[in-house]
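Report on the structure given below.
The values are calculated or read from the model by the stated rules, or taken from the named source; none is laboratory data. It should be emphasised that the depicted structure is a prediction, and the values quoted were computed from it without experimental measurement. Don't worry about glycine lacking a Cβ; one is built from the backbone with ideal geometry, like all the others, and counts go over all protein chains shown. We work out accessible area using only protein heavy atoms, side chains counted, and drop any ligands, DNA or RNA first. Shrake-Rupley method; radii C 1.70, N 1.55, O 1.52, S 1.80 Å.
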Amino acid sequence: MLDPARDRRWFEQATLEALPELLGLARRLTGNREDAEDLASEAITRAWLHRGTLRDCERFSGWVVRILTNLFLSQRRSEATHPHESLDLEEDFSLFERLHQPFLLWWGTPEQEFLDRLLREDLIRAIEALPEPFRIVVVLADIQGYPYGEIAESLGTPVGTVRSRLARGRALLQKALWEHACDSGLRSASLERRSDPP
Amino acid sequence: MSGENPMTCEEALRLLAVFLDGELHGEPHDALESHLEVCRSCYSRAEFERRLKTEIGRLRGEEVSSDFEARIRSILSSFASSAAEQPDRS
């Protein structure tokens, strides 16, 4: 862009349009509002400073999202956060299998029932409670839709590590959703139905 | 079923997440796809995982508070003084 005033006005408009997505990603990555707002603010400043690297204005949103992701990852590297891969974490917990227990099959299709009742807030809480190394890959793969190769490149890890963290992250997420469902009375409700006279 | 040896349920479930992520290619992809066409149990599991993944994908975006929007507008206004400067192209 050649006109500095127009350049700034365009940047401002594009940034405000992308703000909900930026803030959402920052919130999911950091797990709290204050850090998320700081991260999004810094990403916007960086985007302004490096606006000359944006080749296609139509791709502003994806470009600034990538800046935010890289900024977050570089901050985490500098804070020397170590993945919990040595922890003994379940990799094969399946929510589907838990929902398919015989007593729940009284509901007909308990897995559909579960998904119909699943609240956005429950999912957010479960994701934000994941240990950070697993939260990052779940957010990048399942919310942002990044391919394994890009996530591996951003994290500086092999693709196999991404797959492994994703499997563990999803298992932990499903376990948290199951436990929340149980706490909310899923099991007791189904058992009450079972004991009802025909 | 594809190939001489149809995929087992165990193999199908092991590859399911990679398949749903669009990262499974070639013969394993085709074998899993064929398996899902004939195995009701694995198909149900795949549909559940697919729908859960879709729900997670909907978490994009967050409501922006008026305070935060004001903070961002203030940052954007501060760029006005530097607008004439050349952006970093590196």
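Remarks
- Shielded by partner chains, the range B:45-67 residues - at least 30 Å² of accessible area, 1.4 Å probe, vs chain alone: B:ARG45, B:PHE48, B:ARG51, B:LEU52, B:LYS53, B:GLU55, B:ILE56, B:LEU59, B:ARG60, B:GLY61, B:GLU62, B:VAL64
- Taking both sides together, the accessible area buried where B meets A is about 4200 Å² for a 1.4 Å probe.
- A full extension of the chain between A:GLU113 and A:THR157 corresponds to an added length of 12.0 nm, given 0.36 nm per residue minus the alpha carbon distance.
- Accessible area (Å², 1.4 Å probe, nearest 10) - B:CYS9: 60 Å²
- With every protein chain in place, chain B: carbon and sulfur % of accessible area (1.4 Å): 47 percent
- Inter-chain neighbour count for A:52-64: the average number of beta-carbon atoms from partner chains within 10 Å of each residue's beta-carbon is 1.
- Note on exposure: A:THR30, A:THR45 ranked by accessible area (1.4 Å probe, complete protein assembly) read A:THR45, A:THR30, with the most exposed listed first.
- Using a cutoff of 8 angstrom between alpha carbon atoms and counting only pairs six or more residues apart, the relative contact order for the range B:1-80 works out to 29 percent.
- Per residue solvent-accessible surface (Å²) - the range A:4-66, probe of 1.4 Å: 47 Å²
- A:LEU16, A:LEU99, ranked by accessible area, largest first (probe 1.4 Å): A:LEU16, A:LEU99
- Full-stretch length increase - A:CYS57, A:LEU16 - with 0.36 nm per residue and alpha-carbon distance subtracted: 13.3 nm
- Applied to the range A:133-142, the Karplus parametrisation 6.51 cos²θ - 1.76 cosθ + 1.60 on θ = phi - 60° returns per-residue 3J(HN,Hα) values of x, 7, 4, 4, 5, 5, 5, 5, 7, 8 Hz, with x for Gly and Pro.
- Among the GluC sites (Glu not before Pro) in the range B:1-51, those placed in a DSSP loop whose Cβ has at most 13 other Cβ atoms within 10 Å are B:GLU4.
- Accessible area ranking (1.4 Å probe, heavy atoms, ligands and nucleic acids excluded), largest first, for B:SER77, A:SER164, B:SER66: B:SER66, B:SER77, A:SER164.
- Note on chain B: with a GNM built from Cα contacts shorter than 10 Å, the maximum mean-square fluctuation among B:ASP67, B:ASP21, B:ASP30 falls on B:ASP67.
- Debye equation applied to the C-alpha atoms of chain B, log10 I(q)/I(0) at 0.22 Å⁻¹: -1.06
- Free-standing Cys residues across chain B, given no other cysteine C-beta under 4.7 angstrom: B:CYS9
- For the range A:40-46, 3J(HN,Hα) per residue [Karplus equation, 6.51 cos²θ - 1.76 cosθ + 1.60, θ = phi - 60°, Hz, x = Gly/Pro]: 5, 4, 5, 4, 5, 5, 5
- Peptide B:20-28 shows a mean partner chain C-beta count of 2 within 10 Å per residue C-beta.
- Percent carbon-and-sulfur accessible area, the range A:27-69, ignoring ligands, DNA and RNA, probe 1.4 Å: 43 percent
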